[in-house]
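Below is one structure, written out as structure tokens; the observations come after it.
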Amino acid sequence: MTFITSFISQTMVYATVYTLTSLGIILGGRTGIFNVSAEGILLASASTGFLTAYLTGSWLMGFIAGALIGTVFGFILAFVHETFKINQFILGIILVIFGSGLSDLLYKIIIGVRLSAPQAPSVPSVIIPFFSKIPVISGILNQDVVVYFMYFAVLVAYWFYYKTKVGLETRAIGENPKAADVVGVNVKRRRYLATIIGSALIGVAGAYLPIAITGTYSPDISAGRGFMAIGIAIFASWKPQRAILGGFLFAGIEVIAFQLKLISANIPYQFFLMLPFISVLIIMMIFKKHIEFPASVGKPYSRE
Amino acid sequence: MKNKSLVELKNVRKVFGKVIALDNVTFTAEKGEIHGLLGENGAGKSTLMNILYGLYSPDKGEIYIDGKKVKINSPFDSIKLGIGMVHQISTLVPEFNAVENIILGTPEDKFKLPIKEEREKIKKIMKELGLIFSLDVKTKELPAGVKQKIEIIRALHKGAKLLILDEPTTSLVESEFRQLLKSLRALVKKGVTVIFITHKIKEIMEACDSVTVLRRGKVQDTINKEQMSKEKLVKLMFMEKDIKVTESALPKVELPPAKKSKKPVCVVKNIEVKGKEKSKGLKNISFEVYGGEILGVASVSGNGEKELASVMINPFLLSNGDILVNGESIKHLSTLSVFNKGVAYTPEDRIKEGILNEGSIKENVLLGHHTEKRFFKKNLFINWDEATKAAKKTIKDYNVATPSEELAIRRLSGGNIQKVIMGRAFVSPTDLLITHNPTSGLDVLTVEFIFNKLVETRNNGGAVLCINEDLDELMIISDRIAVLHNGELKGIFQRSEFDKYKIGLLMIGG
């Protein structure tokens, strides 16, 4: 019973990282901007988020710093793409390398090398009386506030895309920017907004890694999850309600691989590190036929 | 005279790169009329209206609506001023249904989605105009005619008092054009003003109360219905050129008696092809094409003509039967080998299937000839000198308006792209030319040019198979016309037997 409770509990923590990151990618993608730089944003915001939380002693400041770093990355992505029409994928890859370098650099400048790793202030959990004591259910409910923020973000995104006209227009941009343009929607502004808000969400996910999961920063802390989140966004056909399913699925696989690593001594641990990536490949192959893609993803738009 | 003009554009100038698209253009449309905007391809019609709609910003000039000077920076501004535009290429979101497409962009209630209420409003507008279509199907599944209706409703739903239609008839058949005209008349009665962009004189004569003729970015004249005549409009459109036109305002070409070859160049024997999607394919088709003749194939779109065009150059599509070229079967040949047998092909969709958009004119001329000996050095390298020569010759022989053969082909107008494709067909000796809708969307001048090239090929002993959905055109240039309906060959007419009514009836299965 405790095993199941801890499995669920851990899965939800990792699902938060996956879901927030892929939701951020989806926001940009729905307006045609494919945010390939998620991995870089995760790393940069993990580092700055951790440092801010550590130095100020406030977990909240850490998340705000992470979101701000995401905003900066999102702005760079949108600005360089919209102004110079540079290929989004190349731009994204450059930002990944930039973010990865920046994260280690900042950590080394501010913290340097220490024998014991500095610890970030912990994130408060939401404790619901009575229910929090029942096994299994407690694994679901005893979570920190960021997990609940993730649920909230998915709900808001769903409501936005399918219950509001702005959302309808935003989806229209992803399918056919010209169609949105000729009915008076400001395509450029929407692309900026979506990319920046999306990148800020990825920034929150990045700050979550050191502050809530490991307690401290270590190099390559995101371990490819930013790229996996791209897979989730695609697997989810760019729909928020499916991204959360994908987030749980991938997080579950990762936690299982982690548990297996602990109990089987004979198999090299790299094999288990590889499992999530192989599963993504297999899942993508299975769901290939059900995957939809906004038609304008990755393409620049200009009127003339 | 009382001034009741709804729209006035004054001294508009627009330059794209080095090309002057509009030069000091002044344009006025009166309230409650259908105002035509006529000109050949590239005359600046669409550019002028895109400026009015706010998609392009003019380099110079002023816009007045209801006598008031206005500034239009984007469609957001123009929609607020009561301007709606239906573009030549569909601007609907293919994944959305009609309702979702129509309500897109209306300013009020940004954080609500009142589908039900809007649906009722849309239905009311549809009823008033007599336009009926399904509101629940994704628009990507709808034919071009219906998409256009949705775009018209979309403009009206946003409160358009001025409706701009950019080449609305490009993908419409005759009956749809009639229906469109009816709806436009109903709109005008309600006080809506319509600007109708076209390059077809016939449509201006039938649809418009007055017309402004543009030529190379300049206004030639604005005349009203009483002053309109075919001859006058042709003269305004082309100025120095003197073109003879037929009843249907198409260019006249002479078809002198030509020496028909004794043996057919191409024999099609009992071929069967499986159809794609809704088409029934081809069933047991046989015909011959002789040297020195143009065989026209008439069919309503979707009755097997696409399969016929494809199978002639891609014989792997054959499920039965055989095709002979110069007496040899091409049944087991690849498309490239078919080309090397002296067959040339110009596809229906010249942008998607005819060219490499980003390639230069030179590279596009080389396409399909790229394995021929003279374009190959040591069987390995492309002989660019020869390719340049061939491209230069094509540009010269086919009057392609371009500064250089190195220009990206996508920068040419539709007519010039078609000329390059036609020219490419004759880079090497051609015995059989298969051409599918070679003149669709082109102006009279280019149509005349293309017609003359086809006839020239025929007069020199070449065989031409011309698949064309425009029966008027086929009757001008064909020696014989074969009629396809539902994938079956309904009959072949000699030139002396041509009868628009009879052939038209067969085309729709009567």
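Between B:LEU9, B:LEU52, B:LEU22, the distinction of being within 14 Å of chain A (Cβ to nearest Cβ), under 19 Å from B:ARG215 (Cα atoms) and touching a Gly at 6+ places or on another chain (Cβ under 7 Å) belongs to B:LEU22 only. Of all residues in the range B:62-81, those being touching a residue at least 24 places away in the same chain (Cβ under 8 Å), crowded, with 19+ Cβ neighbours inside 10 Å and more than 7 Å from every other protein chain (Cβ to nearest Cβ) number 3.
Just the residues that are part of a helix (DSSP H, G or I) and touching a strand residue (DSSP E or B) at 6+ places or on another chain (Cβ under 9 Å), please, taken from the range B:436-449. Don't jump to the end; show me each part of the working.
The first filter runs over the range B:436-449 and keeps only residues part of a helix (DSSP H, G or I), leaving B:444-449.
Of everything in the range B:436-449, those that are part of a helix (DSSP H, G or I) and touching a strand residue (DSSP E or B) at 6+ places or on another chain (Cβ under 9 Å) turn out to be B:VAL444, B:LEU445, B:VAL447, B:GLU448, B:PHE449.
Of B:LYS260, B:LYS269, B:LYS280, which residue is assigned to a strand (DSSP E or B) and of a type outside the set (A, V, I, L, M)? Walk me through it before giving the result.
Numbers: B:LYS260 fails: assigned to a strand (DSSP E or B); B:LYS280 fails: assigned to a strand (DSSP E or B).
Exactly one residue qualifies, and that residue is B:LYS269.
To keep it simple, each residue is scored yes or no on (1) buried (at least 21 other Cβ atoms within 10 Å of the Cβ); (2) within 22 Å of B:ALA98 (Cα to Cα); (3) among the hydroxyl-bearing types (Ser, Thr, Tyr).
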position	(1), (2), (3)
B:ILE153	yes, yes, no
B:GLY159	no, yes, no
B:SER175	no, no, yes
B:GLN179	no, yes, no
B:ILE197	yes, no, no
B:LYS202	no, no, no
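Quick one: is B:GLU108 within 11 Å of another protein chain (Cβ to nearest Cβ), without any contact (Cβ under 8 Å) to a residue 60 or more places away in the chain, in a helix (DSSP H, G or I) and more than 25 Å from A:TYR301 (Cβ to Cβ)? Considered against the rule, which asks whether it is within 11 Å of another protein chain (Cβ to nearest Cβ), without any contact (Cβ under 8 Å) to a residue 60 or more places away in the chain, in a helix (DSSP H, G or I) and more than 25 Å from A:TYR301 (Cβ to Cβ), B:GLU108 comes out as no.
From the list B:ILE355, B:ILE395, B:ILE409, exactly one residue is over 23 Å from B:ALA463 (Cβ atoms), crowded, with 19+ Cβ neighbours inside 10 Å, β-branched (Val, Ile, Thr) and in contact (Cβ under 8 Å) with a residue 60 or more places away in the chain. Which is it? If you could, list the steps in order and put the result at the bottom.
Working: B:ILE395 fails: in contact (Cβ under 8 Å) with a residue 60 or more places away in the chain; B:ILE409 fails: in contact (Cβ under 8 Å) with a residue 60 or more places away in the chain.
None of the others qualify; the one that does is B:ILE355.
Can you tell me which residue among A:PHE250, A:PHE235, A:PHE258 is over 30 Å from A:TYR107 (Cβ atoms) and modelled with pLDDT under 95? Steps first, answer last, please.
Values: A:PHE250 fails: over 30 Å from A:TYR107 (Cβ atoms); A:PHE258 fails: over 30 Å from A:TYR107 (Cβ atoms).
Criteria check complete, one pass: A:PHE235.
Only one of the listed residues (A:ILE173, A:ILE196) is under 22 Å from B:PHE96 (Cα atoms), aliphatic (A, V, I, L, M), in contact (Cβ under 8 Å) with a residue 12 or more places away in the chain and part of a helix (DSSP H, G or I). That residue is A:ILE173.
Within the range B:432-458, count every residue that is surrounded by fewer than 21 Cβ atoms within 10 Å (Cβ to Cβ) and among the β-branched types (Val, Ile, Thr). Looking only at that region, the number is 1.
With respect to the conditions (1) at pLDDT below 95; (2) in a helix (DSSP H, G or I), A:PHE149 lacks only one, and its number is (1).
Residue under question is B:GLY44, and the condition is that it be under 28 Å from B:ASP443 (Cα atoms), more than 10 Å from every other protein chain (Cβ to nearest Cβ), surrounded by 22 or more Cβ atoms within 10 Å (Cβ to Cβ) and not charged (D, E, K, R); does it hold?
Values: under 28 Å from B:ASP443 (Cα atoms): yes; more than 10 Å from every other protein chain (Cβ to nearest Cβ): yes; surrounded by 22 or more Cβ atoms within 10 Å (Cβ to Cβ): yes; not charged (D, E, K, R): yes.
In short, yes.
Go through the range B:122-151 and report how many residues are within 14 Å of chain A (Cβ to nearest Cβ), of a type in the set (D, E, K, R) and surrounded by 20 or more Cβ atoms within 10 Å (Cβ to Cβ). Of the residues in the range B:122-151, 2 are within 14 Å of chain A (Cβ to nearest Cβ), of a type in the set (D, E, K, R) and surrounded by 20 or more Cβ atoms within 10 Å (Cβ to Cβ).
Of all positions in the range A:90-98, none carries a residue that is in contact with a Pro (Cβ under 8 Å, 6 or more places away or on another chain), farther than 30 Å from A:LYS133 by Cβ and not basic (Lys, Arg).
The values are calculated or read from the model by the stated rules, or taken from the named source; none is laboratory data. Since this is a predicted model, take the numbers as computed values, not measurements. All Cβ positions, even for glycine, are placed from backbone atoms using ideal geometry, and neighbour counts span all protein chains on display.
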